[in-house]
Amino acid sequence: MTRILGIEVRRSAALGTVLVLLVAGGILLYAAPQRWAASWMALAMAEREYLVLLWPLALAAGAWQARREHRSHVAELFASTARPQVQRMVPVLGAMAIAAAAAYLLVAAAGLPWIIDTAHYLPARAFLVLAVGVLAMIGGVWLGLAVGRLVPSMVTAPVLAVAGIAFLMLLPVATGHRNWLSLVFSPMYGMGQYTDYQTVGARVSVAQVIWLIAFAVAAAVLLASGGWRTRVAALLPVTLGAALALAVVPRGEFVDNPTDTVAQELVCADGAPRVCVSRVHAGLLSEVVPPARQALAALAKLPDPPTAVHEDTTTYYPSWSPAPQPGVVLLDVHVDKYGHLAWPDRVVPRVVIAALTPPIACEDGFNPSASRAAAAYVLGVEPVAGWGEWDVVSDQPDTEQAALWNGLRKLPEQEAVARVAALRRAAAGCKDLKDALTGSAR
């Protein structure tokens, strides 16, 4: 059987399938590396989202391979042999399954060199997410084989590809608010990451595995069918698999967007002042520490200065934020498309601005111009348009910011530092920042 399988791999469309899927997956992967450069889980989820193209291509590859007997005009000859239909189908099923699985895994491996130096956190669930993608590809190529055998036309492969894309795109629309239905029947649904801490629920993955195994079995039965009774029997694994998967999949809010609390845990650098990032960003700790400590050194001129910088692990869907801690400044950590710290030159001003900004609970009292002007004074730099923002570039001057900064510069240093300290107290108390900085609140 191994020799027969090897011959089938070489002579069938298996090698071509691997090449097409690998090229398509590689192009999709590296067209937007910033979508998955943050972590291994992000890579696994991004590839699952790219099933919107890879899965229809697997369908088309299976249908193309199924036309082989029809093109060679040997279907009647094979049917006259003593070997049963099922036995004759096993080699092609195995060859195309190997091709689809290998192509999917090779696409994932193509992302490995990109992030291996910075992505240190590898959760076990990432392998489960990857396995679901492999099962989806195998089921897709087997369904293509079955449909291609039943309808051995040249247009079957492209029609199946278009139908596959339409199915994946329209299923969430059809299911509406019952997103758990899309989670079971669409291997790409819910794979878009809103935060670097996002994961895929274990029960969701188990439900998907159940459904995809049942789907693949049904496709294999349909391919090996010799009459209408066997084809109707292919509905049995689909029905049982769907029922069991729907019984397992969780329902409720945020079921398609859970948070990995282990990835969210803080990992701290050695030494003082203390600088910590989330576990998923642990590979960036060496890049965050120097500018974060530089910012804390600049803030040391203020009374009762902050003594630590922690990554801000706030999530908005679901809504959660870390509890405030005295002396701790929260910093957003962003990953660039290369897997490294994004905008490293802006970490210092962002830490200082964060130390002078009100908490989220009192955003009504937040005057960004006042905070940025005070931060610029602390750092001894001139605030230009867009200064202190992560990725905002503006050519519109902030006249209020410039006026407040110039006002601080004209004061004696002791008085200016006192006003910045007053702004910091006002921020903590949700009071007006501009009044505190100009001395109007006295």
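The values are calculated or read from the model by the stated rules, or taken from the named source; none is laboratory data. What you see is a predicted model, and the numbers here were worked out from it, not measured in a lab. FYI the Cβ positions are ideal-geometry reconstructions off the backbone, even for glycines, and counts take in every protein chain you see. To get the accessible areas, we keep the full protein, side chains included, count just its heavy atoms, and leave off ligands, DNA and RNA. Shrake-Rupley method; radii C 1.70, N 1.55, O 1.52, S 1.80 Å.
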> So which DSSP H runs in the chain come out at 24 Å plus along the axis (Cα) with average Kyte-Doolittle of at least 1.0?
Replying inline: 14-31, 85-110, 124-150, 156-175, 202-224
> What residues qualify as long-range amide H neighbours of SER278, i.e. H under 5 Å apart, gap of 5 or more or another chain, H built at 1.01 Å from N?
Replying inline: VAL267, GLU311
> Relative contact order for the stretch 242-336: what is it in percent, counting Cα pairs under 8 Å that are at least 6 residues apart?
Replying inline: 22
> Ranked highest first by average number of other Cβ atoms within 10 Å, how do 301-312, 185-196, 45-56 line up?
Replying inline: 45-56, 185-196, 301-312
>> Accessible area per residue for the stretch 174-220 in Å², computed with a 1.4 Å probe and the full protein assembly in place, what is it?
In response: 36
>> Need the C-alpha centroid separation for the stretch 102-133 versus the stretch 277-319, integer Å.
In response: 28
> On alpha-carbon atoms, Rg over Rh for the stretch 77-223 using Kirkwood Rh?
Replying inline: 1.03
> Using a cut-off of 24 Å between alpha-carbon atoms, which lysines can reach LYS301, once sequence neighbours fewer than 8 places away in the same chain are excluded?
Replying inline: LYS410, LYS431, LYS434
> Hey, can you rank 249-257, 287-295 by average C-beta count inside 10 Å, highest first?
Replying inline: 287-295, 249-257
>> Just to be sure I understand, if you calculate semi-axes √(5λ) of the Cα gyration tensor in Å for this structure, which of (1) 31, 30, 21; (2) 59, 20, 18; (3) 35, 23, 20 do you get?
In response: (2)
> Based on DSSP H runs of at least 4 residues, each adding -39500 (n - 2.57), what is the mean residue ellipticity at 222 nm of the chain after dividing by all its residues, to the nearest 500 deg cm²/dmol?
Replying inline: -19000 deg cm²/dmol
> Efficiency by 1/(1 + (r/R0)^6): what FRET value for THR239 and TYR317, r their Cβ-Cβ distance, R0 = 35 Å, to the nearest 0.05?
Replying inline: 0.55
> When the accessible area of the stretch 292-391 is split by element with a 1.4 Å probe, what percent falls to carbon and sulfur?
Replying inline: 54
> Taking Cα pairs under 8 Å and at least six residues apart, what relative contact order does the chain come out at, in percent?
Replying inline: 15
>> Once neighbouring chains are kept in place and the probe is 1.4 Å, which whole percent of the accessible area of the stretch 120-207 is contributed by carbon and sulfur?
In response: 75
